[in-house]
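Reviewing the structure listed below.
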Amino acid sequence: MYRHTFILSNVEKQQIWKTVESLLRDNQVEVREHAAAVLAGLVKGGNEDLARDFRERAYLEANIIHRKKKQRKLKTGQSIASIHGAVLALVASVLSVPYDMPSWLPDHVTLLACFGGEPSPVKSTVTKAIAEFRRTHADTWNVQKDSFTEEQLEVLADTSSSSSYFA
């Protein structure tokens, strides 16, 4: 896609995005994880409109799953693969902006952290992504943490192994 970005039509670019996104729900964990890595690259260097659309849909889908789980305190009836796919879409968004703090990032990171109590492989995905977020934002955290609300910082502190990091 990168080599042909200038000759691909918008429809062709959308088809590429949709194809990779569909792999987030594959039966194999490895395929889902690789799809998320590819999507993170597309968000970083691809069409900004497609990236924004992807981020918004990823957040909306994960938020719906989270609210259903929170309301019922039970399973949502969705497979682990579909929950993992929604979480991986959030991970792709979060990891697409290392070292930066766009206005949408605090909400995405916080929602991602809310999935930390899920069974594997969701939990390990969340743990790795939050750790990578912490690593890439550590140098400027004193400034960037002002982008988060107190509630968001508490959620991050709860998922953190070293609570003092987000204090």
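The values are calculated or read from the model by the stated rules, or taken from the named source; none is laboratory data. None of the values given here were measured: they were computed from a predicted structure. Here the Cβ positions follow ideal geometry from the backbone for every residue, glycine too, while neighbour counts run over all protein chains shown. Accessible surface is based on the protein model in full, side chains and every heavy atom, while ligands, DNA and RNA are left aside. Shrake-Rupley method; radii C 1.70, N 1.55, O 1.52, S 1.80 Å.
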Next on the checklist: If I fit a long axis through the Cα atoms of helix 122-137 and take the longest principal axis of the Cα atoms of the chain, what angle between them do I get, 0 to 90°, rounded to 10?
Outcome noted: 90 degrees
Next on the checklist: How big is the dipole moment of the chain about its Cα centre under a simple scheme where the beta carbon of each Lys and Arg is +1, that of each Asp and Glu is -1, and everything else is neutral? Debye, nearest 20, please.
Outcome noted: 580 debye
Checklist entry - Tell me, what % of the accessible area of region 16-84 is carbon and sulfur with a 1.4 angstrom probe? => result 53 percent
Checklist entry - Taking a threshold of 28 Å on the Cα-Cα distance, which of the pairs LYS18/LYS123; LYS44/LYS70; LYS18/LYS69; LYS13/LYS145; LYS123/LYS145 fall above it? => result LYS44/LYS70; LYS13/LYS145
Item to check | Average accessible surface area per residue within region 117-160, 1.4 Å rolling probe, Å² | outcome: 56 Å²
Item to check | Per residue accessible area of region 22-94, 1.4 Å probe, in Å² | outcome: 53 Å²
Checklist outcome for this item: Mean Cβ-within-10 Å packing, highest first, puts peptides 42-50, 82-90, 26-34 in the order 82-90, 42-50, 26-34
Item to check | Gained length - ARG3 relative to GLN15, 0.36 nm times residue gap less alpha-carbon distance | outcome: 2.7 nm
Item to check | Sites matching trypsin sites (Lys or Arg not before Pro) across region 53-143 that sit in DSSP coil, with at most 13 neighbouring C-beta atoms within 10 Å | outcome: LYS73, LYS75
Item to check | Within the chain, helix-based [θ] at 222 nm, where runs of 4 or more DSSP H residues each add -39,500 (n - 2.57), nearest 500 | outcome: -21000 deg cm²/dmol
Checklist entry - Quick one: if you stick a label point 7 Å off each Cα along the C-beta vector at TYR99 and GLN71, how many nm between them? => result 4.2 nm
Item to check | Total charge dipole magnitude, region 1-100, about the Cα centre, Cβ charges on Lys, Arg, Asp, Glu only, Debye to nearest 20 | outcome: 660 debye
Checklist entry - In nm, to one decimal, how far is the GLU132 label point from the GLN78 one, both placed 7 Å along Cα→Cβ? => result 2.0 nm
Checklist entry - What is the Cα coordinate range of the chain on the first, second and third principal axes, sorted by size from largest, in whole angstrom? => result 49, 39, 24
Checklist entry - What's the angle, to the nearest 10 degrees (0 to 90), between helix 10-22's Cα axis and the longest principal axis of the chain? => result 50 degrees
